[in-house]
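These notes concern the structure reproduced below.
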Protein chains: 2
Amino acid sequence: MFVALRGAGPAYMRLFCGLRDAITTGRIEAGTRLPSTRELASDLKLSRNTVMRAYEQLIAEGFASARQGGGTFIDAVHVQSTTPAVTKAKPGPLPLSQSALRMLPAVANNPFMELRGLTPVRHDFMYCIPDPSLFPIQEWRRRLSRAIDRASRRSLSYDDPAGLLQLRDLIAARLIKYRGVRCAPEQIVVVSGAQQALDLICRLVVEPGAPVVVEDPCYPAARAILAAGGAQLVPAHVDGEGFDIASVDASIDATCRLAYVTPSHQFPSGAVLSNRRRKLLVEWAARVGAFVIEDDYDSDYRYVGPPLQALQGMSPEHVIHVGTFSKSLFPSLRLGYVVAPHQLLEPLISAKWIADWGSPAHIQHALAAFIDEGWFARHVKRTTSVYARRRAMLLEAIEREFGRDVTASGGDAGMHLVLWLHRLKPEHVGPLLVSAREHGVGVYSVSSFYERPPERAGLVLGYGTIPEARIAEGIAILARLVRARIKAKAP
Amino acid sequence: MFVALRGAGPAYMRLFCGLRDAITTGRIEAGTRLPSTRELASDLKLSRNTVMRAYEQLIAEGFASARQGGGTFIDAVHVQSTTPAVTKAKPGPLPLSQSALRMLPAVANNPFMELRGLTPVRHDFMYCIPDPSLFPIQEWRRRLSRAIDRASRRSLSYDDPAGLLQLRDLIAARLIKYRGVRCAPEQIVVVSGAQQALDLICRLVVEPGAPVVVEDPCYPAARAILAAGGAQLVPAHVDGEGFDIASVDASIDATCRLAYVTPSHQFPSGAVLSNRRRKLLVEWAARVGAFVIEDDYDSDYRYVGPPLQALQGMSPEHVIHVGTFSKSLFPSLRLGYVVAPHQLLEPLISAKWIADWGSPAHIQHALAAFIDEGWFARHVKRTTSVYARRRAMLLEAIEREFGRDVTASGGDAGMHLVLWLHRLKPEHVGPLLVSAREHGVGVYSVSSFYERPPERAGLVLGYGTIPEARIAEGIAILARLVRARIKAKAP
């Protein structure tokens with residue numbers, strides 16, 4: 001019996017889809033006894049377990065049944081009795097909205113999603129992920145447990161879409177004190193991570209087809225969300241002073257209502273937006289009547305110079321300050337916040353309600369306690385010193401192994417830096433990444449984050465998750481591979 | 001000093017906005033000493049605390065400062081030094097997207113949101129809220145605690161947007177076994193409540209301006225979400241057999257791609273969609289090429305007749321089955337699921353990733369354990385018997401107090417029924433609700449859920465949260481008030 005594997009997903013599912021199609025198109029007739037699982041597994045070079053799961057699925061969905069005495073039979077009668085005639089034919093493709101078509105490539109094209117499929121390596125310089133082993137998980141567990149114990153029964157019910165007021169108070173107090181943000185606690189809206197913040201803001205501000213200014217290079221999730229919202233992405237030049245709004249053609253001013261920036265630690269270049277550029281940016285926003293999203297994704301971590309004030313403090317009614325607990329606590333917590341300009345506050349709360357009614361209550365109670373009892377501040381302090389040490393070791397190793405062949409930049413804050421490789425060309429980076437991975441070293445190309453890739457070869461090196469002991473070793477291997485590649489390309 | 005209260009929100013915020021506007025427009029000059037909090041409070045008939053908070057806000061936002069020796073002074077220097085010239089002028093209204101304008105009324109017009117503002121009453125026949133005191137919160141706390149203990153450090157990081165596979169397996173197994181749903185575990189997408197499910201589906205399927213068939217009466221959150229998505233809502237007639245697709249004009253067939261229904265227990269009428277109507281509906285969907293959302297919001301609870309099969313089982317590629325744990329566990333958990341037709345699966349996972357990257361991990365692990373260890377099934381069994389008892393007492397009390405003056409219908413499932421009042425007109429219901437509340441009885445008018453309000457007077461009576469001991473008492477008071485109102489309108 002010929003069966004093609006169909007669609008995506010695990011093998012058993014693809015086999016199930018192939019069999020189902022064969023049944024619904026009449027290639028396998030009602031009453032047919034399917035081959036034994038052993039037989040079909042051998043025919044298709046699949047595990048027997050895979051075939052068994054596919055058969056079970058056929059049975060569960062009413063396409064076949066197992067008879068006493070053995071054997072799985074195509075069960076036309078059953079299909080007909082529970083399935084109205086109209087759906088026996090395979091439905092044609094159902095139309096998706098324009099918005100769906102824009103959303104579809106988001107997951108497929110996202111570098112983070114690709115990374116999930118990679119085999120773990122020993123020396124992984126992964127970026128944007130905090131070290132899970134540093135998180136005081138037992139303290140978090142206790143706070144969450146206690147929050148559930150103490151929370152009123154009322155808190156089990158539907159709650160305020162803007163979030164727990166106590167948490168909003170604590171977030172506002174922290175932002176006012178440490179980040180120079182100017183806001184009332186009521187302007188804070190608790191959201192499910194910066195991801196949701198960006199999506200909601202995009203829905204509120206961006207008309208499909210309208211230009212939105214983004215950094216080039218840019219955080220890929222932001223680019224994906226804005227593109228999914230129908231934005232026409234207008235990349236702005238980024239250099240050592242960060243994002244430059246002046247590099248954007250003034251012809252978009254009439255229709256542009258949004259810019260997305262990472263002023264504290266540009267992703268991925270690591271540049272800090274200079275005061276001059278900040279002023280230009282808020283002036284531009286006021287002049288054209290646009291909002292600026294300030295994505296403050298990792299500004300809790302800063303190693304050089306005084307703490308930076310948020311852009312928001314310069315123009316609270318034009319800058320939408322977005323923060324996340326994904327870096328300072330952990331990503332799968334899914335909590336972040338938006339400091340909404342007054343004009344955006346009511347629409348944002350509406351949008352949050354529409355999107356999911358509100359973020360889960362107990363986690364918000366636990367986070368409030370975690371902050372209020374000082375655990376948050378202690379954790380940030382402790383991880384800052386750990387990341388500072390790793391950063392220093394990384395810079396030392398780079399200096400030792402590469403000397404003047406490279407420039408390490410953008411490492412004043414956050415948990416990654418960029419290593420520019422002077423003696424390689426951008427086209428050498430791809431093969432380098434592959435061979436580094438083969439040698440147990442995970443590094444990432446900077447060009448994948450660019451709209452207009454740079455003429456230099458660059459690597460993003462994160463130090464959030466790599467243990468100290470492996471940093472020097474990893475960089476030594478990397479340097480060896482880079483040298484080999486330089487030699488190989490020499491005439 | 002004249003200060004107007006501005007904008008929405010708490011009084012202190014409105015006072016702050018009034019003061020801020022007076023400062024930025026120059027009506028209050030730099031260096032001015034603000035009146036004492038006592039003085040201004042008395043002038044404006046506000047509490048002193050309100051004025052103090054407004055002053056604190058002015059200080060926090062850099063508009064004023066408190067001087068030693070007392071007094072709050074307008075602090076122009078500070079404002080100028082941190083605020084660029086361009087933002088000193090109050091920004092004009094910034095344009096919001098069409099989508100934002102559609103979202104804005106959602107919260108304001110939502111009956112659930114209005115209910116949050118009501119003073120609690122002794123006999124509250126609130127609908128759609130499960131009894132929080134029945135939830136085994138300690139067992140939940142233990143599962144969550146253990147999930148955090150056992151979860152790998154890896155689970156702290158970004159995870160699969162479709163949800164925890166183990167949880168999806170358990171949900172699929174339950175739906176296949178008890179609801180006749182036909183699906184593979186991979187077709188389950190974990191979402192943050194049915195609210196998010198509806199929003200994501202709407203974004204994937206509905207083009208702004210396109211017709212979407214809804215029930216009349218309809219679950220208001222669904223109506224709000226669809227309207228926010230730009231749908232042109234086409235109400236379909238609901239009677240004792242439930243929703244009738246035949247009542248919808250065929251002129252929409254060419255452009256309609258979605259219908260929203262609650263087949264197991266129509267909200268709020270309580271009707272169960274008949275087999276005949278189910279068949280018509282899936283035939284319609286196949287013919288016009290539309291998806292049907294089956295919102296299975298409270299079908300865990302059924303008191304009369306055999307368990308109902310889901311509509312999804314009749315047409316798995318046209319029906320999008322949506323379920324929630326808000327009723328069977330508790331609303332602020334914010335977890336639900338979608339069983340996606342194959343054509344919608346990849347777009348849905350993309351949309352979920354864009355919307356919030358995925359639901360929080362630990363809660364998913366805990367829910368998987370809660371189901372796997374039988375706590376979910378035990379809790380549903382236990383609450384079913386409690387709600388069944390309350391339902392019986394409610395029906396008895398209605399029979400005893402009202403006799404033939406009313407019909408109670410739609411109470412075979414869920415946790416509410418509708419009481420049709422034969423001797424009152426729809427216009428009498430509003431005043432009845434008010435006087436009932438004054439007498440400590442919370443009941444809700446059925447007409448607020450209708451697009452085309454019915455010619456009969458009807459009340460929605462929930463029995464999810466009211467204690468047994470108060471049911472008879474509450475109905476007795478209600479009956480007395482209804483009789484008084486019948487007399488009052490008699491000639």
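The values are calculated or read from the model by the stated rules, or taken from the named source; none is laboratory data. What you see is a predicted model; the values in this text were computed from it and never measured. Please note: Cβ atoms are built from the backbone with ideal geometry, for glycine as well, and neighbour counts cover all protein chains shown. Note: areas computed on protein heavy atoms with side chains; ligands, DNA, RNA excluded. Shrake-Rupley method; radii C 1.70, N 1.55, O 1.52, S 1.80 Å.
Among (1) surrounded by fewer than 22 Cβ atoms within 10 Å (Cβ to Cβ); (2) within 19 Å of A:P95 (Cα to Cα); (3) touching a helix residue (DSSP H, G or I) at 6+ places or on another chain (Cβ under 7 Å), which single condition is B:A210 missing? Here B:A210 clears every test but (3).
Just one of the listed residues (A:S448, A:S435) is among the polar types (S, T, N, Q) and farther than 21 Å from A:M415 by Cβ, and it is A:S435.
Among the residues in segment B:91-109, are any under 22 Å from B:Y463 (Cβ atoms) and modelled with pLDDT under 90? No, segment B:91-109 contains no residue that is under 22 Å from B:Y463 (Cβ atoms) and modelled with pLDDT under 90. Scanning segment A:310-345 for residues that are among the polar types (S, T, N, Q), within 11 Å of chain B (Cβ to nearest Cβ) and under 17 Å from the mean Cα position of the chain (by Cα) yields A:T324, A:S326, A:S332. Taken across segment A:322-334, residues that are charged (D, E, K, R) and either crowded, with 24+ Cβ neighbours inside 10 Å or under 20 Å from A:R302 (Cβ atoms) (or both) do occur, with at least one present.
Annotation: B:I176 fulfils all but one of (1) at the interface with chain A (Cβ under 9 Å from one of its Cβ atoms); (2) open to solvent by less than 30 Å² (accessible area, probe 1.4 Å); (3) of a type in the set (V, I, T); (4) more than 30 Å from A:E139 (Cβ to Cβ); the unmet one is (2).
Against the list (1) without any contact (Cβ under 8 Å) to a residue 40 or more places away in the chain; (2) open to solvent by less than 10 Å² (accessible area, probe 1.4 Å), the condition A:S157 fails is (2). Of the residues making up segment A:178-194, just one is on the phi > 0 side of the Ramachandran plot and under 25 Å from the mean Cα position of the chain (by Cα), namely A:G193.
Scanning segment B:28-73 for residues that are within 14 Å of chain A (Cβ to nearest Cβ) and aromatic (F, W, Y) yields B:Y55, B:F63. For segment A:311-346, the set of residues classified as more than 24 Å from A:D253 (Cβ to Cβ) and touching an Asp or Glu at 6+ places or on another chain (Cβ under 6 Å) consists of A:G323, A:K327, A:S328, A:S332, listed by residue number. Note on segment B:315-349: residues that are small (G, A, S) and over 22 Å from B:D169 (Cβ atoms) amount to 2. Name the single residue, out of those in segment B:443-490 being of a type in the set (G, A, S) and in a loop (DSSP other than H, G, I, E, B), that is nearest to A:S157 (Cα to Cα). The residue in question is B:G464.
Check segment B:130-149 and report whether any residue there is at pLDDT below 90, open to solvent by 20 Å² or more (accessible area, probe 1.4 Å) and on the phi < 0 side of the Ramachandran plot.
First, pick out the residues of segment B:130-149 that are at pLDDT below 90: none.
So far as segment B:130-149 goes, no, none of its residues is at pLDDT below 90, open to solvent by 20 Å² or more (accessible area, probe 1.4 Å) and on the phi < 0 side of the Ramachandran plot.
Annotation: of all residues in segment A:364-378 being open to solvent by 10 Å² or more (accessible area, probe 1.4 Å) and of a type in the set (A, V, I, L, M), the one that is farthest from the other protein chains (Cβ to nearest Cβ) is A:A377. Could you go through segment B:395-413 and let me know if any residue there is in a helix (DSSP H, G or I), hydroxyl-bearing (S, T, Y) and open to solvent by 30 Å² or more (accessible area, probe 1.4 Å). The answer is no, given that none of the residues of segment B:395-413 is in a helix (DSSP H, G or I), hydroxyl-bearing (S, T, Y) and open to solvent by 30 Å² or more (accessible area, probe 1.4 Å).
Checked against (1) touching a strand residue (DSSP E or B) at 6+ places or on another chain (Cβ under 7 Å); (2) in a helix (DSSP H, G or I); (3) open to solvent by less than 10 Å² (accessible area, probe 1.4 Å); (4) facing chain A (nearest Cβ under 10 Å), B:V181 passes all but condition (2). The criterion of being under 30 Å from B:F16 (Cα atoms), within 10 Å of another protein chain (Cβ to nearest Cβ) and either among the aromatic types (F, W, Y) or part of a strand (DSSP E or B) (or both) holds for A:Y158. Scanning segment B:113-129 for residues being crowded, with 17+ Cβ neighbours inside 10 Å and either facing chain A (nearest Cβ under 7 Å) or farther than 30 Å from B:W353 by Cα (or both) gives a total of 7.
Just one of the listed residues (B:P220, B:P235) is surrounded by fewer than 24 Cβ atoms within 10 Å (Cβ to Cβ) and in contact with a helix residue (DSSP H, G or I) (Cβ under 8 Å, 6 or more places away or on another chain), namely B:P220.
So which of A:G440, A:G474 is modelled with pLDDT of 95 or more, of a type outside the set (F, W, Y) and buried (at least 23 other Cβ atoms within 10 Å of the Cβ)? Matching residue, one of A:G440, A:G474: A:G474.
Would you confirm, using the coordinates I've provided, whether A:Y219 is among the aromatic types (F, W, Y) and over 19 Å from the mean Cα position of the chain (by Cα)? In short, no.
In this structure, is B:V191 of a type in the set (A, V, I, L, M), touching a helix residue (DSSP H, G or I) at 6+ places or on another chain (Cβ under 7 Å) and within 9 Å of another protein chain (Cβ to nearest Cβ)? Judged against the criteria, B:V191 is a match. Determine if segment A:418-427 includes at least one residue that is surrounded by fewer than 24 Cβ atoms within 10 Å (Cβ to Cβ), of a type outside the set (A, V, I, L, M, F, W, C), touching a Leu at 6+ places or on another chain (Cβ under 7 Å) and assigned to a loop (DSSP other than H, G, I, E, B). No; the residues of segment A:418-427 include none that is surrounded by fewer than 24 Cβ atoms within 10 Å (Cβ to Cβ), of a type outside the set (A, V, I, L, M, F, W, C), touching a Leu at 6+ places or on another chain (Cβ under 7 Å) and assigned to a loop (DSSP other than H, G, I, E, B). Among the listed residues A:E241, A:E186, identify the single one that is farther than 30 Å from B:L204 by Cβ, touching a residue at least 60 places away in the same chain (Cβ under 8 Å), among the acidic types (D, E) and open to solvent by 10 Å² or more (accessible area, probe 1.4 Å). When all the criteria are applied, what remains is A:E186. Based on this model, can you work out whether A:L200 counts as of a type outside the set (K, R) and either in contact (Cβ under 8 Å) with a residue 60 or more places away in the chain or buried (at least 16 other Cβ atoms within 10 Å of the Cβ) (or both)? So A:L200 fits the description; yes.
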